[in-house]
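Reviewing the structure listed below.
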Amino acid sequence: MLGLKLPTDPRWVNIAEKNIDEILIDHAHCELKAASTANSLIMSFPEYPDLVTEMVSIVKEEMSHFKLVHERLLKRNVTLGRDRKDLYVHDLLRFFPKGGSRTTQLIHRLLYAALIEARSCERFRLLSENIQDQDLAKFYRDLMVSEANHYTLFLNFARKFGDRKEVDEKWHELLVYEAELMKNLGTSESIHG
């Protein structure tokens, strides 16, 4: 369903489980960034009322997810701490050329967001199916569904606002590019790393 060209190395789950506090910290920051991305789309493209409406919902949902993750950190007596650079996202952004029309910029941002949500969904599924902590397993199972919905929402908006054939070609190229990135990831205690 997600269309990812390279699945996460299964060993990542072992790293994640041994460093679950670090995973939760990184996850909390990912939720903040997801809310920020949706908010940025509202601010950058206010002329698309259906996009704005959906992004308002995503901002609320992502902030509620942040709250849930933060509550788990507090229960574990773990401080959120400062954000760390997400190398996955940093390298993913290199795929898209700078400039272009407003529509092109919008489509690129939607595709980028869709892929991050798809990879997050895959990682949450792995956590939900493999970690021993049953509370966290259920937590990640519930969030996995949300990430899948966000992935399809962003991808469908890209297809709506752009030429479907061109968008699907760009999406395929992005998936291939991301698979190459993933060959060097899956070894750190972060959601995408």
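Quick notes
Every residue, every condition in (1) modelled with pLDDT under 95; (2) more than 18 Å from the chain's Cα centre (by Cα); (3) of a type outside the set (S, T, N, Q); (4) under 17 Å from Ser120 (Cβ atoms), yes or no:
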site: Ile25; (1), (2), (3), (4): no, no, yes, yes
site: His29; (1), (2), (3), (4): no, no, yes, yes
site: Ser36; (1), (2), (3), (4): no, no, no, yes
site: Ser44; (1), (2), (3), (4): no, yes, no, no
site: Pro49; (1), (2), (3), (4): no, yes, yes, no
site: Val52; (1), (2), (3), (4): no, yes, yes, no
site: Val59; (1), (2), (3), (4): no, no, yes, yes
site: Ser64; (1), (2), (3), (4): no, no, no, yes
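- Cβ pairs under 8 Å, 6+ apart, first in segment 164-193 and closer than 30 Å to Glu17 by Cβ and at pLDDT below 90, second surrounded by 12 or more Cβ atoms within 10 Å (Cβ to Cβ) and of a type in the set (Ser, Thr, Tyr): Leu185/Tyr88; Gly186/Thr8; Ser190/Tyr88; Ile191/Ser120; His192/Tyr88; His192/Ser120; Gly193/Tyr88
- Scanning segment 60-83 for residues that are in contact (Cβ under 8 Å) with a residue 60 or more places away in the chain and aliphatic (A, V, I, L, M) yields a count of 1.
- Conditions (1) farther than 26 Å from Asn184 by Cα; (2) among the β-branched types (Val, Ile, Thr); (3) touching an Asp or Glu at 6+ places or on another chain (Cβ under 9 Å): number failed by Thr103: (3)
- Odd one out for Pro7 among (1) in contact (Cβ under 8 Å) with a residue 60 or more places away in the chain; (2) surrounded by 15 or more Cβ atoms within 10 Å (Cβ to Cβ): (2)
- Within segment 58-92, considering residues that are hydroxyl-bearing (Ser, Thr, Tyr) and touching a Leu at 6+ places or on another chain (Cβ under 9 Å), the one surrounded by the most Cβ atoms within 10 Å (Cβ to Cβ): Tyr88
- Exactly one residue out of Glu129, Glu178 is of a type in the set (Asp, Glu) and crowded, with 19+ Cβ neighbours inside 10 Å, and it is Glu178.
- When we screen Gly193, Gly186 for residues that are on the phi > 0 side of the Ramachandran plot, outside any helix (DSSP H, G or I) and either surrounded by 14 or more Cβ atoms within 10 Å (Cβ to Cβ) or of a type outside the set (Val, Ile, Thr) (or both), the only hit is Gly186.
- Pairs linking a residue in segment 13-39 that is farther than 19 Å from Ser146 by Cβ and touching a residue at least 60 places away in the same chain (Cβ under 8 Å) to a residue that is among the polar types (S, T, N, Q) and part of a helix (DSSP H, G or I), with Cβ atoms under 7 Å and 6 or more positions apart or on different chains, are Val13/Asn130.
- Yes/no for Thr152 being touching an Asp or Glu at 6+ places or on another chain (Cβ under 8 Å), among the β-branched types (Val, Ile, Thr) and surrounded by fewer than 19 Cβ atoms within 10 Å (Cβ to Cβ): no
- Here is the figure for segment 118-142: residues that are part of a helix (DSSP H, G or I) and touching a residue at least 60 places away in the same chain (Cβ under 8 Å) total 11.
- Which listed residue is among the hydroxyl-bearing types (Ser, Thr, Tyr) and farther than 30 Å from Ala179 by Cβ, from Thr37, Thr104, Thr53: Thr53
The values are calculated or read from the model by the stated rules, or taken from the named source; none is laboratory data. All values reported here derive from a predicted model rather than from experimental measurement. Here the Cβ is made from the backbone with ideal geometry for all residues, glycine too, and neighbour counts use every protein chain on show.
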